[in-house]
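Before any comments, here is the structure.
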Amino acid sequence: MELRQLAVFVAVAEEMSITRAAHRQNVVQSAVSATLQTLERQLGVALVSRTTHKVELTDAGRLFLPEARRTLAAAQEARHVIQQVRGGLRGTLHLGIMLFNPVPAVSPPRLISRFAAEHPNMEVSVRTGASGDHAEALRRGRLGLAYIALPPEDTTGLTMHPLCTHTMGLVVPVGHRLAGREQVELTDLADEPFVETTPSWGTRIAIDRAFIRAGATRTIRYEIADNHGVLDFVRHGLGVAISPPLLIDSSLVFVPIARHAPRFVISLAVADGDQSTPVGEMLRIFRQLADESTTGEEDAVSPEPC
């Protein structure tokens, strides 16, 4: 059994497609099929079930997948140990980031800059996207770390390092019928047209959870790709939204939610059990930056409101 065979199997298992696995491994489809068949022959068991339209893991394949991932991770970590002995870490560390981060002390650019200064032979690859997508990429090993904002019930399989927390509220344009209210209930909003981010964004996930807890419903009129775009739609009177207060300006009105208000928790996340040296080094620098920030009130890092 070879590491190359395990890498091909993991790619097939995660992509559920020979074609996509071949693209991911940068080889032809026939090479993926041949490698997988050789591995199955060596193990004496079928790992995947192939049909014309799809590829699925067998029971043996599902049991074998976590072991294959652990073996590949152990081999990579062994390389990192040798690299440190020979003069420093080498390779690529994949970091997921959000469209914005309100904590300057440990912002992605600052974290990457400090990491690069200490590990000049390491490259940091950045992927910008939604928290839900980043969480899944962490679980599958496609990201080493990621800035995400998800409710606790959506962080299974991840270790969270909180940065700050915001309680979200209703956002309406100036002059809206609810603009003068001291607070609202989610159950009061059934007739309001909502502007939302797409379902994989952290704010959307937290808001969906809050409406479920409240036993309330809402009508989503528009889905926009980012939080700033959502607020621009609200600003022009096209609907209402729920948002963290840090995004609100004088052209909008923030109304607190009385009960079941969703929380926007920003964290740096890693997959449970990921003890690779590059990830550990970035976490060490992250904590270092957080500790340094406590000397300045403006940039203080805390799981409390920031």
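Bear in mind these aren't lab numbers, they're just calculated from the coordinates by the rules spelled out. Small disclaimer: the values here were computed from a predicted structure and weren't measured. Methodologically, a virtual Cβ is constructed for each residue, glycine included, from the backbone with ideal geometry; neighbour enumeration extends over all protein chains shown.
Per-structure values
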quantity: Whole-number D in µm²/s for region 3-84 (Stokes-Einstein; Kirkwood sum over Cα pairs; 20 °C, 1.002 mPa s); calculated: 164 µm²/s
quantity: Value of [θ]222 nm, deg cm²/dmol, for the chain, DSSP H segments ≥ 4, -39500 (n - 2.57) each, nearest 500; calculated: -13000 deg cm²/dmol
quantity: Environment charge at residue 271 (Cβ cut-off 11 Å; Lys +1, Arg +1, Asp -1, Glu -1); calculated: +1
quantity: Most positive-pole-ward Cα, 271, 233, 245, against dipole of region 149-306 from beta carbon charges; calculated: 233
quantity: Net charge contributed by nearby residues that have their C-beta within less than 10 Å of residue 156 (K/R +1, D/E -1); calculated: -2
quantity: Tensor-based shape of region 172-306 (alpha-carbon gyration tensor, a/c under 1.5 rounded, otherwise prolate or oblate); calculated: prolate
quantity: Distance between region 1-63 and region 133-196 - C-alpha centres, whole angstrom; calculated: 37 Å
quantity: Dipole magnitude of region 154-235 about its Cα centre (Cβ charges: Lys, Arg +1; Asp, Glu -1), debye to nearest 20; calculated: 60 debye
quantity: Neighbour net charge for residue 228 - beta-carbon separation under 12 angstrom, K R +1, D E -1; calculated: -2
quantity: For the chain, size of Cβ-based charge dipole, Lys and Arg +1, Asp and Glu -1, in debye; calculated: 920 debye
quantity: Top of 186, 247, 158 by mean-square fluctuation, Gaussian network on the chain, Cα under 10 Å; calculated: 247
quantity: Under 5 Å, built H, 5+ apart or other chain: amide partners of residue 224; calculated: 196, 197, 198
quantity: Amide proton proximity set for residue 184, modelled H, under 5 Å, gap of 5+; calculated: 257, 258
quantity: Amide H partners (placed H, <5 Å) of residue 146, local residues excluded; calculated: 96, 269
quantity: Most mobile of 157, 144, 202 in a GNM of the chain (Cα contacts under 10 Å); calculated: 157
quantity: GNM top mover of 153, 136, 223 - the chain, alpha-carbon springs below 10 Å; calculated: 153
quantity: For region 57-67, Karplus couplings with θ = phi - 60° (6.51, -1.76, 1.60), whole Hz, Gly/Pro x; calculated: 6, 7, 4, 5, x, 5, 6, 6, 4, x, 5
quantity: Distance histogram for the chain (every C-alpha pair counted, 10 angstrom bins, percent rounded to whole numbers); calculated: 6, 23, 26, 22, 16, 7, 1, 0
